[in-house]
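Participant: Just passing along the structure, written as structure tokens.
The values are calculated or read from the model by the stated rules, or taken from the named source; none is laboratory data. Worth saying up front: this structure is predicted, and the values here are computed from it rather than measured. Positions of Cβ are generated from backbone atoms using ideal geometry, with glycine treated the same way; all protein chains shown enter the neighbour counts. Calculation scope for accessible area: heavy atoms of the full protein, side chains included, ligands and nucleic acids excluded. Shrake-Rupley method; radii C 1.70, N 1.55, O 1.52, S 1.80 Å.
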Protein chains: 4
Amino acid sequence: MLVVMQEGATEAQIDSVIERLVNMGFTVHRSTGAVHTVLGGVGPIDRFDPADFEVLDGVKECHRIMSPYKLASRSFRPDGTTVKVGNVEIGGNRVIAMAGPCSVESEDQIERSAEFVAKAGATVMRAGAFKPRSSPWSFQGMGEDGLKLMRRAADRHGLLVISEVMNQTQIPLMCEYVDILQVGARNMQNFDLLKEVGKVKKAVLLKRGISATIEELLLSAEYILSGGNMDVILCERGIRTFETYTRNTMDISAIPVVKKLSHLPMMADPSHGTGRRDKVLPMARAAVAAGADGVLIEVHHDPDHALSDGAQSLYPQQFEELMQQLRIIATAVGRTV
Amino acid sequence: MLVVMQEGATEAQIDSVIERLVNMGFTVHRSTGAVHTVLGGVGPIDRFDPADFEVLDGVKECHRIMSPYKLASRSFRPDGTTVKVGNVEIGGNRVIAMAGPCSVESEDQIERSAEFVAKAGATVMRAGAFKPRSSPWSFQGMGEDGLKLMRRAADRHGLLVISEVMNQTQIPLMCEYVDILQVGARNMQNFDLLKEVGKVKKAVLLKRGISATIEELLLSAEYILSGGNMDVILCERGIRTFETYTRNTMDISAIPVVKKLSHLPMMADPSHGTGRRDKVLPMARAAVAAGADGVLIEVHHDPDHALSDGAQSLYPQQFEELMQQLRIIATAVGRTV
Amino acid sequence: MLVVMQEGATEAQIDSVIERLVNMGFTVHRSTGAVHTVLGGVGPIDRFDPADFEVLDGVKECHRIMSPYKLASRSFRPDGTTVKVGNVEIGGNRVIAMAGPCSVESEDQIERSAEFVAKAGATVMRAGAFKPRSSPWSFQGMGEDGLKLMRRAADRHGLLVISEVMNQTQIPLMCEYVDILQVGARNMQNFDLLKEVGKVKKAVLLKRGISATIEELLLSAEYILSGGNMDVILCERGIRTFETYTRNTMDISAIPVVKKLSHLPMMADPSHGTGRRDKVLPMARAAVAAGADGVLIEVHHDPDHALSDGAQSLYPQQFEELMQQLRIIATAVGRTV
Amino acid sequence: MLVVMQEGATEAQIDSVIERLVNMGFTVHRSTGAVHTVLGGVGPIDRFDPADFEVLDGVKECHRIMSPYKLASRSFRPDGTTVKVGNVEIGGNRVIAMAGPCSVESEDQIERSAEFVAKAGATVMRAGAFKPRSSPWSFQGMGEDGLKLMRRAADRHGLLVISEVMNQTQIPLMCEYVDILQVGARNMQNFDLLKEVGKVKKAVLLKRGISATIEELLLSAEYILSGGNMDVILCERGIRTFETYTRNTMDISAIPVVKKLSHLPMMADPSHGTGRRDKVLPMARAAVAAGADGVLIEVHHDPDHALSDGAQSLYPQQFEELMQQLRIIATAVGRTV
């Protein structure tokens, strides 16, 4: 931690800052420069908020220097983490595909979905039973019935199951049916939910919020890790910008950035990242080319009649094509699918 | 609802769109223009997602026309809503000040806070008992003990109490102590929480998420209203942009926009909106000049030693000054404080 | 300037950074902390780009500390600058209104405009003769003929003239007709234009670019000031964000921020800032309440038939109303109109 | 063009809108629906600004339907455009690499650069002679001397030359030395410059502005095309968002979007797109995987001593590695390098 004093800061101002830092538990090192006095501190950095010091008299600026997260940091596990769920490893050499419809709608729909996503090479089936919808008037999901149908279909086709948990009271129920708990973008800073999924023995896929910085994503992961659950998978799914042609702007650069800053696996969701079916294939290729550990894809046997997110759901044959393309790109970057 | 077909769309494509709309329950009116065929539909607009139709063959673009929210719309209550809590009316002629520290820290701190905010003219005391913090290593709040201290201090000084509820399991507890439930920016799309606060008999202050559009804010209000709770107060508290000098960019224009689109009261939180103590006064004045129904202000008897958000907390004398300035501005726009 | 070395940085790495700084002309002060070694430097800060050092081996982070601008800085003229043009002072106690149509369209139109804006209390007439339009197919302005009409109408009504200069070759022509040269938002980083307007003896109003940070705005002002032209007026006119209800998001907080960081006058343009006629009044009030030195307003005698920007142009009677409201708000903040 | 009237709009309001449209030259088709009356118009769409109509009495909303650009539209040349410069084709099967230092600094530097970029497989050398710098105190480029050195070095190694033109007065000079004129991001809406480069017989590479929508990029291309110069190449180079880890956020999805909307070649600049050397390789791979027609790469023989943008410049060996990786990715998407 560094505090830079203004030119002409008085000794009283400097002493006051030093005293405050010492009271917080910092060991302070003072360096008196020609223009600025700089105070360096070693101590409880987690409690240091630069903004608190920047408004003090005589202070020019402050910097934290150390990352505010620890367990999510690459330095915590320099070799990276591979999350093992059943016989699937996320974060290893193999690029993983998790695919399925936006929502579970019926037994027939989910059974067909399981069949063709398994056949095309996906290892995990995704679908929502509880749906976060902007409008209260939109379809809200089938609930537990949906989970049952999903589990059954997945089992028949040797797939794992991932589905979104929307609040902490749903965790026990969800854990009966799914292999991976998904925390959605809108809940990335629902800290009570993060704390609770940090206590269970299930892998958690944490999506980046649409306006979350990469640092905030890693801090949210830190909430889960600090509860003792080390099986955390991150996922880029598009951020909100001024561009409206795509629903969100998929921040592909977040993939190599997260891989450098953290040891956690990093996936990509080009379906939500773009919101447009015709952009899913190029963006899935881009994500894998940039180093993603896997992709999350929305696909429906009949997207024109999907109850939600039909516009971004692939047709089955498009998903097959996507898997073929990813095999080629994965090979190009020294991985398999 | 309007679907505009592409130039040269085939009859089969047009029929297919019409069929799909009719199946959804729409009455469709076809208008064959020189270049484009346009389909207008009247029906269950809440279930109509333009994106679903824009990817259909032969479709150029789609528009919803009707707002996706109803109960939050100005047309639902053209004269506007005044939320009455105790003897305080929010949304009436009087501009309301809700003020207090970021977090309850101790009995002494909250007692002092209540004393000076009441004296300066605030009618509601704000403070957090459960704190949403980006980092799991930051101070997380005093919990129920904090609520008790806050209630007692508020009662002693004739103040109402507002505090943030972070998840639906906390609602019964919160309701014992507070007069207004606050749903924070990070929870603006925690739909399960919105549904539950929609069922209680307590006013709810709903903050705009840092990346939420005004339409999304109103849709989230719709969740609460549709549960039967009509005592909803909205609040602008800054959005996330590229500018980093202020913590967020306070969208003052959202105030007149919301006042036009909706009947709900609209407040402003310049403390979070700017993140900097020295910008709170000018932005509070600006908010009232633009038509805000009230302000939410962080103030601390000793901001330099606050456990959270000290940088944006006013000193007591600054809060007094703010109240004096707001009185003048309120008068200038034909209101009182 | 500060360079913080990584934990465990080698002596060779530290020496290499020191050598590079010394070669650039810095005097370097080394401080060896328990965890991090910190290098402080005094020297040619204008040429120091933190990004260049942050990629060096062993470096953790870098900070500039000093503002990259000097002449635009408040410390250069602590008492603030008043730009005098004719008998009008911008940046003094009086809040200035510059008003007029988006474009000069005809003699009749500009004559009517001059008449009613002067009558309502504006002191400067604005109108475009050369128009920056997103599409090459849109109306591009009347050119020199427009300038002539504007000058004549302004003179008849005792108004000053401001108009936009789009490239440096137009400067001599513009200087014959206008009192204040406007550099538009799209040209805020047209550095060749900035250099040239820095050499003339005319006041310059520099608008913030729609994606420019406040620091970049001040750096662009620095280009003009460093050419010797100290009569620079800044103007907030809305930034681009994800919100689409308003054309831009007017960053009212930029007003007090610029007033603190710089000595230059700061105006506000709520017409472009919102893009909607019905939001111009509340946002003009907000701007003045937040400390703006003046407002730039688009107004047309017949907005429904304006050749450009009709949607954001006030009707004459609305402009009168705006001036009356600003008088009240200005008084509330201790100023006049 | 469509105008949707409000529920309950009067006949007088409807007639007034129709009259205005007819006066503008539109043929209007009226469709009276159960709730809304819709007016469809065929006519001079380039002059139709939806915002102008949305503020009229009785109007609910307006839509343009047709793209505001024509010559840049994919429908203008469905098979796409290949820009031929010397023996290089941009927009064909081969993925093109344009590489070189940020600025020309000296004869030795540019000669070394030409040598190694040619050897590694680049076909065009990039370098700046006139530099747009945020601060007037930064290195501003070598000017014409730089152009001469660049031309000579490029010729010796069989490379084409691209360099940035900053204003229209520089065009004749630039044309003596370069093969492709670059219009930088800050000048994307310098319309006078666009008009002038539209008149010359040189290919133009137009970079997307950091806050420009894709539609605005295509409209700026339209300016050049409408001047008669059809050799326009577009380039994504990062947009400004709230994320600060990377200097900009590279919008990879803009690549497939532009390829669909327009016939023009689309390149990618991961050096400016990320601002960080260590992210250039993954993002270049991602861009090619997403369909980019080429990449623009900053590379320096000694980035640690570069006069500008050293932080994002590759070391020569990194550039070789990049070219090898692009060969593999290009093959994976059916192209060559």
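Participant: Is it the case that region B:89-100 has a residue that's open to solvent by less than 10 Å² (accessible area, probe 1.4 Å) and farther than 28 Å from B:Leu326 by Cα?
Facilitator: Scanning region B:89-100, I find no residue that is open to solvent by less than 10 Å² (accessible area, probe 1.4 Å) and farther than 28 Å from B:Leu326 by Cα, so the answer is no.
Participant: Name, by its number, the condition in (1) facing another protein chain (nearest Cβ under 7 Å); (2) farther than 20 Å from A:Thr241 by Cα that does not hold for D:Arg186.
Facilitator: Of everything listed in (1) facing another protein chain (nearest Cβ under 7 Å); (2) farther than 20 Å from A:Thr241 by Cα, D:Arg186 misses just condition (2).
Let's see how each residue does on (1) modelled with pLDDT under 95; (2) not hydrophobic (A, V, I, L, M, F, W, C):
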| position | (1), (2) |
| --- | --- |
| A:Arg126 | no, yes |
| A:Arg133 | yes, yes |
| A:Met150 | no, no |
| A:Gln168 | yes, yes |
| A:Leu217 | no, no |
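Participant: What is the one condition in (1) of a type in the set (Ser, Thr, Tyr); (2) open to solvent by 10 Å² or more (accessible area, probe 1.4 Å); (3) within 15 Å of the chain's Cα centre (by Cα) that B:Ser262 does not satisfy?
Facilitator: Going through (1) of a type in the set (Ser, Thr, Tyr); (2) open to solvent by 10 Å² or more (accessible area, probe 1.4 Å); (3) within 15 Å of the chain's Cα centre (by Cα) one by one, B:Ser262 breaks only (2).
Participant: What residue, among those in region B:189-200 that are assigned to a loop (DSSP other than H, G, I, E, B) and facing chain A (nearest Cβ under 8 Å), is surrounded by the fewest Cβ atoms within 10 Å (Cβ to Cβ)?
Facilitator: Top of the filtered list is B:Gln189.
Participant: Scan region B:284-318 for residues that are over 30 Å from B:Leu71 (Cα atoms) and aliphatic (A, V, I, L, M) and report the count.
Facilitator: Number of matching residues: 5.
Participant: Which condition number in (1) open to solvent by 10 Å² or more (accessible area, probe 1.4 Å); (2) more than 13 Å from the chain's Cα centre (by Cα) is the one that A:Val288 fails?
Facilitator: The single condition A:Val288 does not satisfy is (1).
Participant: Looking at this structure, is C:Ile224 among the hydrophobic types (A, V, I, L, M, F, W, C), more than 27 Å from D:Thr213 (Cβ to Cβ) and within 14 Å of chain D (Cβ to nearest Cβ)?
Facilitator: For C:Ile224, the condition - among the hydrophobic types (A, V, I, L, M, F, W, C), more than 27 Å from D:Thr213 (Cβ to Cβ) and within 14 Å of chain D (Cβ to nearest Cβ) - is met.
Participant: Going by the conditions given, is B:Glu164 open to solvent by 30 Å² or more (accessible area, probe 1.4 Å) and within 26 Å of B:Val88 (Cα to Cα)?
Facilitator: When the stated conditions are applied, B:Glu164 does not pass them.
Participant: Further, regarding this structure: Of the numbered conditions (1) more than 22 Å from B:Thr274 (Cα to Cα); (2) more than 9 Å from every other protein chain (Cβ to nearest Cβ), C:Leu218 satisfies every one except a single condition; which is it?
Facilitator: Checking C:Leu218 against (1) more than 22 Å from B:Thr274 (Cα to Cα); (2) more than 9 Å from every other protein chain (Cβ to nearest Cβ), the one that fails is (1).
Participant: Check whether at least one residue in region B:23-40 is among the small types (Gly, Ala, Ser) and touching a Phe, Trp or Tyr at 6+ places or on another chain (Cβ under 6 Å), and report yes or no.
Facilitator: Checked against the condition, which is being among the small types (Gly, Ala, Ser) and touching a Phe, Trp or Tyr at 6+ places or on another chain (Cβ under 6 Å), region B:23-40 yields no hits at all.
Participant: Sticking with this one: If you scan region A:119-146, which residues turn out to be among the hydrophobic types (A, V, I, L, M, F, W, C) and under 30 Å from A:Arg94 (Cα atoms)?
Facilitator: Answer for region A:119-146, where residues must be among the hydrophobic types (A, V, I, L, M, F, W, C) and under 30 Å from A:Arg94 (Cα atoms): A:Ala120, A:Ala122, A:Val124, A:Met125, A:Ala127, A:Ala129, A:Phe130.
Participant: Is there a residue being within 12 Å of chain C (Cβ to nearest Cβ) and either at pLDDT below 95 or more than 30 Å from D:Phe139 (Cα to Cα) (or both) anywhere in region D:288-302?
Facilitator: The answer is yes, given that some residue of region D:288-302 is within 12 Å of chain C (Cβ to nearest Cβ) and either at pLDDT below 95 or more than 30 Å from D:Phe139 (Cα to Cα) (or both).
Participant: For region C:205-215, which residues satisfy the criterion of being surrounded by 24 or more Cβ atoms within 10 Å (Cβ to Cβ) and more than 9 Å from chain D (Cβ to nearest Cβ)?
Facilitator: Listed by number, the residues that qualify are C:Leu205, C:Leu206, C:Lys207, C:Arg208.
Participant: Just a yes or no: is a residue in region A:34-43 touching a residue at least 40 places away in the same chain (Cβ under 8 Å), more than 31 Å from the chain's Cα centre (by Cα), surrounded by 22 or more Cβ atoms within 10 Å (Cβ to Cβ) and assigned to a helix (DSSP H, G or I)?
Facilitator: no
Participant: I'd like to check which helices (runs of 4 or more DSSP H) are fully inside region A:201-298 and have at least 2 residues that are out of contact with any helix residue (DSSP H, G or I) (no Cβ under 8 Å at 6 or more places or on another chain).
Facilitator: Result: A:214-226.
Participant: Which one is least open to solvent (accessible area, probe 1.4 Å) among residues in region D:44-73 that are of a type in the set (Val, Ile, Thr) and either closer than 26 Å to B:Lys260 by Cα or modelled with pLDDT of 75 or more (or both)?
Facilitator: Among them, the one singled out is D:Val59.
Participant: Here is a further query. Determine whether region D:239-252 contains at least one residue that is of a type in the set (A, V, I, L, M, F, W, C) and farther than 30 Å from B:Ile210 by Cα.
Facilitator: Scanning region D:239-252, I find no residue that is of a type in the set (A, V, I, L, M, F, W, C) and farther than 30 Å from B:Ile210 by Cα, so the answer is no.
Participant: Looking at (1) within 14 Å of the chain's Cα centre (by Cα); (2) within 14 Å of chain C (Cβ to nearest Cβ), which one does D:Arg276 not meet, given that it meets all the others?
Facilitator: So D:Arg276 meets the others, but not (1).
Participant: Looking only at residues in region A:306-316 that are modelled with pLDDT under 80 and of a type outside the set (Gly, Ala, Ser), which one is surrounded by the most Cβ atoms within 10 Å (Cβ to Cβ)?
Facilitator: Ranking the candidates gives A:Asp309 first.
Participant: From the set of residues in region A:226-237 that are of a type outside the set (Val, Ile, Thr) and touching a strand residue (DSSP E or B) at 6+ places or on another chain (Cβ under 6 Å), which is most open to solvent (accessible area, probe 1.4 Å)?
Facilitator: A:Asp231
Participant: Here's another thing I want to ask about it. Output the qualifying pairs, or none if there are none: Cβ atoms under 7 angstrom, residues six or more apart or on different chains, first residue in region B:54-69 and over 13 Å from B:Ala9 (Cβ atoms) and in contact (Cβ under 8 Å) with a residue 40 or more places away in the chain, second residue in a loop (DSSP other than H, G, I, E, B) and open to solvent by less than 50 Å² (accessible area, probe 1.4 Å).
Facilitator: What qualifies is B:Arg64/B:Met1; B:Arg64/B:Phe48; B:Ile65/B:Met1; B:Ile65/D:His36; B:Pro68/A:Ser135.
Participant: Right, another one. Please find, among C:Arg77, C:Arg112, the residue that is more than 14 Å from chain D (Cβ to nearest Cβ), surrounded by fewer than 18 Cβ atoms within 10 Å (Cβ to Cβ) and farther than 26 Å from C:Lys202 by Cα.
Facilitator: So the residue among C:Arg77, C:Arg112 that is more than 14 Å from chain D (Cβ to nearest Cβ), surrounded by fewer than 18 Cβ atoms within 10 Å (Cβ to Cβ) and farther than 26 Å from C:Lys202 by Cα is C:Arg112.
Participant: Conditions first: (1) in contact (Cβ under 8 Å) with a residue 40 or more places away in the chain; (2) of a type in the set (D, E, K, R); (3) open to solvent by 10 Å² or more (accessible area, probe 1.4 Å). A:Asp293 passes all but one, so which condition is the exception?
Facilitator: So the condition that A:Asp293 fails would be (3).
Participant: Can I ask one more? Given the criteria more than 30 Å from C:Leu225 (Cβ to Cβ), touching a residue at least 40 places away in the same chain (Cβ under 8 Å) and open to solvent by less than 30 Å² (accessible area, probe 1.4 Å), does D:Val178 qualify?
Facilitator: no
Participant: Residues to consider are D:Phe53, D:Phe48, D:Phe116, D:Phe76; find the one that is within 24 Å of the chain's Cα centre (by Cα) and among the aromatic types (Phe, Trp, Tyr).
Facilitator: Exactly one residue qualifies, and that residue is D:Phe76.
Participant: Being more than 36 Å from the chain's Cα centre (by Cα) and more than 14 Å from chain C (Cβ to nearest Cβ) narrows it down to one of D:Ile65, D:Ile96, D:Ile14, so name that one.
Facilitator: Checking each option against the conditions leaves just D:Ile14.
Participant: Could you check region C:227-262 and list, in sequence order, the residues that are aliphatic (A, V, I, L, M), under 19 Å from D:Phe242 (Cα atoms) and more than 7 Å from chain B (Cβ to nearest Cβ)?
Facilitator: Correct list: C:Ala254 only.
Participant: Here's another thing I want to ask about it. Testing D:Leu326 on (1) more than 7 Å from every other protein chain (Cβ to nearest Cβ); (2) among the aliphatic types (A, V, I, L, M); (3) open to solvent by 40 Å² or more (accessible area, probe 1.4 Å), one condition comes back false. Which one is that?
Facilitator: All conditions are met except number (3).
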